[in-house]
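Right, one structure below, let's go through it.
The values are calculated or read from the model by the stated rules, or taken from the named source; none is laboratory data. Keep in mind it's a predicted model, so treat the numbers as computed, not measured. Here the Cβ positions follow ideal geometry from the backbone for every residue, glycine too, while neighbour counts run over all protein chains shown. The accessibility values were calculated without ligands, DNA or RNA, using every heavy atom of the protein model including side chains. Shrake-Rupley method; radii C 1.70, N 1.55, O 1.52, S 1.80 Å.
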Amino acid sequence: GQLDSTVPDDRQRWDARYRADAYAKRHWPSAYLQQLHQEGVTPDSGRALDVACGRGRNSLFLASQGLWVDALDVSSVAIAQAANTAISQRLRVNWQCSNVLKHGHRLPQNTYALVIMFRFVAPQLLPRFFQTLTPAGVVVVEEQLQWDGAEDLSGPSSNRFRVASGDLFQQLQ
């Protein structure tokens, strides 16, 4: 079938969200990432990859800790905002507007000491992440789980933006 050109693609949808200041007040890095760093789980040198980096809060944190960071996001608006923040903080990050889900998108092999993906539901990427790691490299994924209970949960209201129980584990089999 032919694609409906009136339906916005992921880049257009995310660009619009970031233009409307989505996540503008969330400038601190993930508490989980900070905890892993404090515990020495994540490396303090080498290259890191931040997949779906958004406005760059985790990329900037990693850069401030001495890592060389490649940061990918589908939204050019988010990348521009992240780059401006990096300049103001005198941090260097290699920002890339890129759709990692696009067929044919390549990630370098045996390159990264750390790969992170936070709150971007793409379990199918996990096997590719392990191919990008250097020996003793670390992959860190933080996701919100799908929930059908009656309680209200923080985070996305749609299960489309949450990972199903067992999906990440299944990709590691």
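Which members of the range 116-143 meet the condition of being assigned to a helix (DSSP H, G or I), without any contact (Cβ under 8 Å) to a residue 40 or more places away in the chain and surrounded by fewer than 16 Cβ atoms within 10 Å (Cβ to Cβ)?
Result: F130, Q131.
Mind checking whether some residue in the range 34-45 is under 10 Å from the mean Cα position of the chain (by Cα), surrounded by 20 or more Cβ atoms within 10 Å (Cβ to Cβ) and within 17 Å of P135 (Cβ to Cβ)?
No.
Which of the residues that make up the range 93-115 are open to solvent by 60 Å² or more (accessible area, probe 1.4 Å) and either in contact with a strand residue (DSSP E or B) (Cβ under 8 Å, 6 or more places away or on another chain) or among the aromatic types (F, W, Y) (or both)?
Across the range 93-115, the qualifying residues are N94, Q96, C97, N110.
Only residues that are part of a helix (DSSP H, G or I) and among the basic types (K, R): list them for the range 56-91, please.
The one that is part of a helix (DSSP H, G or I) and among the basic types (K, R): R57.
Those residues that are in contact with a Lys or Arg (Cβ under 6 Å, 6 or more places away or on another chain), open to solvent by 10 Å² or more (accessible area, probe 1.4 Å) and under 24 Å from Q38 (Cβ atoms), I need them from the range 50-84; list them, please.
Matches in the range 50-84: W68 only.
Check R92 against each of (1) modelled with pLDDT of 95 or more; (2) under 12 Å from D50 (Cβ atoms); (3) not polar (S, T, N, Q) and name the one condition it does not meet.
Condition (2) is where R92 drops out.
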